[in-house]
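The values are calculated or read from the model by the stated rules, or taken from the named source; none is laboratory data. Just so we're clear, the structure is a prediction, and the values are computed from it rather than from any experiment. For neighbour counting, all protein chains shown are included, and Cβ atoms are generated from backbone atoms with ideal geometry for every residue, glycine included.
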Amino acid sequence: MSITYILSGFAVGLLVGMTGVGGGSLMTPLLTLLFGVNPSVAVGTDLAFAAVTKSAGTITHRVRGTVQWPIVRRLCLGALPAALAATLALQYVGPLDAAIGRVIRYSIAVSVLLTVVAILFRARLLAWVQGRPGRQLQGRRLAAATIVAGAVLGVLVTVSSIGAGAIGATLLVMLYPQLEPAEVAGTDIAYAVPLTAIAALGHWWLGSIDWTLLGTLLLGSLPGITLGAWAARAVPERFLRGLLAMTLTGVAVKLLH
């Protein structure tokens, strides 16, 4: 089974390396649907997985100067307290209860569908925002909207482990259309590191992280991400995003049924 986990980690890492999204959106459903892992354990393990992989990505983006740290701070102001509150809520209702497991499962499905929307319509959303410069938020309103967006993402990521990637990047594009693509990616990854780390610590406190499973997934994913980043130049982005959207849609339908 460990070899299967390593291969699964490699496959997810390969896709993430080629497209930049899909880590949590694929890993958590994969663990619950294919391997029968408890939804709470799948979420907790994936959050710890994301904290490690995104830390490596943040170092690269920091060296390249593609992280907008003021935006990262605003997102964290909303995301980190929200993650703590969501963790306490899970503790209160009992995350290992069967009924709560179903709620988490449906939350994962909804998060996956939101990710599909973000993948398919990100370019259109950006064009819509850029075509209406008068409606773009500025100053304190922009800062407040960023904090609120961070809070929403904090709850979503803590409950389902999904949302920090494609959904977070899409919100950044809508709030800060002047950012370059590399800055969107770098900022999105940087704020997700403390968010996934705190959420993972919360799940560790709840007892919902499988450390052996985490280690085997990382063994496959780290080389997969590296190889995927190199392969991304040879495969059309539109094809990859279409493939990812189709895969995630199938996953969401399976989770709901």
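Tabulated data for the structure shown
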{"item": "Residue selected from segment 18-36 under the condition surrounded by fewer than 20 Cβ atoms within 10 Å (Cβ to Cβ) and either not in a helix (DSSP H, G or I) or not hydrophobic (A, V, I, L, M, F, W, C) (or both), by the criterion modelled with the lowest pLDDT", "result": "L34"}
{"item": "Residue check for V63: at pLDDT below 85, touching a Gly at 6+ places or on another chain (Cβ under 7 Å), hydrophobic (A, V, I, L, M, F, W, C) and not in a loop (DSSP other than H, G, I, E, B)", "result": "no"}
{"item": "Output for segment 195-228, where each listed residue is among the polar types (S, T, N, Q) and more than 16 Å from L15 (Cβ to Cβ)", "result": "T196, S208, T212, T216"}
{"item": "Residue check for L156: surrounded by 22 or more Cβ atoms within 10 Å (Cβ to Cβ), touching a residue at least 60 places away in the same chain (Cβ under 8 Å) and under 27 Å from Y106 (Cα atoms)", "result": "no"}
{"item": "All positions within segment 205-256 that are within 30 Å of Y92 (Cβ to Cβ), at pLDDT 75 or above and surrounded by 17 or more Cβ atoms within 10 Å (Cβ to Cβ)", "result": "L206, S208, I209, D210, L213, L214, L217"}
{"item": "Criterion (surrounded by fewer than 24 Cβ atoms within 10 Å (Cβ to Cβ) and modelled with pLDDT of 80 or more) met by exactly one of L114, L88", "result": "L88"}
{"item": "Pair list, Cβ < 9 Å and 6+ apart or interchain, from segment 70-90 residues that are in a helix (DSSP H, G or I) to residues that are acidic (D, E) and surrounded by 22 or more Cβ atoms within 10 Å (Cβ to Cβ)", "result": "L75/D188"}
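Table: residues versus (1) in contact with an Asp or Glu (Cβ under 7 Å, 6 or more places away or on another chain); (2) part of a helix (DSSP H, G or I); (3) modelled with pLDDT of 85 or more.
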| residue | (1), (2), (3) |
| --- | --- |
| I147 | no, yes, yes |
| V155 | no, yes, yes |
| T158 | no, yes, yes |
| L179 | no, no, no |
| V184 | no, yes, no |
